[in-house]
Amino acid sequence: MKVKKIPMRMCLGCSEMKPKRELIRVVKSAEGEISLDLTGKKNGRGAYICENIECLKAARKARRLEKSFACRIDDEVYDSMERELSGDE
């Protein structure tokens, strides 16, 4: 019997390799809009972070999302992602 390979991705906050299912995808659409993709199905360029806010804050501080998407990300986008992760939205 064949063993199914588990896809691994690196968290941009803590730089740990984790199974893709445990991470949240951040996506940049063709229009340049950046948002959280909780389903993992949206079209666009993706990057991954852990489900905790600390990893998002670490990625924000080191500008890892901006480097991954090669564009400037406004503070409002980061703030809305933090609210969405904490469940306030």
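Values quoted throughout were computed directly from the atomic coordinates according to the rules given, and no laboratory measurement underlies them. Just so it is clear, the structure is predicted and the values come from calculations on it, not from any experiment. Cβ sites come from the backbone with ideal geometry, for glycine too, and all protein chains shown count toward neighbours.
Just one of the numbered conditions (1) out of contact with any strand residue (DSSP E or B) (no Cβ under 7 Å at 6 or more places or on another chain); (2) part of a strand (DSSP E or B); (3) polar (S, T, N, Q) is not true of SER35: (1).
Within the range 55-64, being touching a helix residue (DSSP H, G or I) at 6+ places or on another chain (Cβ under 7 Å) and within 13 Å of MET10 (Cβ to Cβ) holds for one residue alone: ALA59. Give me the residue from the range 56-88 that is closer than 18 Å to LEU38 by Cα and not in a helix (DSSP H, G or I) and, out of that set, nearest to the chain's Cα centre (by Cα). The selected residue is GLY87.
A residue that is in a loop (DSSP other than H, G, I, E, B) and touching a residue at least 24 places away in the same chain (Cβ under 8 Å) cannot be found anywhere in the range 39-49. Looking across the range 70-89, not a single residue is farther than 14 Å from ILE24 by Cβ, among the acidic types (Asp, Glu) and surrounded by 15 or more Cβ atoms within 10 Å (Cβ to Cβ). Which residue out of LYS41, LYS67 is basic (Lys, Arg) and either within 11 Å of LEU12 (Cβ to Cβ) or surrounded by 11 or more Cβ atoms within 10 Å (Cβ to Cβ) (or both)? Exactly one of LYS41, LYS67 is basic (Lys, Arg) and either within 11 Å of LEU12 (Cβ to Cβ) or surrounded by 11 or more Cβ atoms within 10 Å (Cβ to Cβ) (or both), namely LYS67.
Consider the range 1-18 and keep the residues that are over 18 Å from GLU66 (Cα atoms) and either touching a residue at least 24 places away in the same chain (Cβ under 8 Å) or acidic (Asp, Glu) (or both). The one that is surrounded by the fewest Cβ atoms within 10 Å (Cβ to Cβ) is GLU16. In the set (1) charged (D, E, K, R); (2) surrounded by 14 or more Cβ atoms within 10 Å (Cβ to Cβ); (3) assigned to a helix (DSSP H, G or I), the condition left unmet by ARG21 is number (2).
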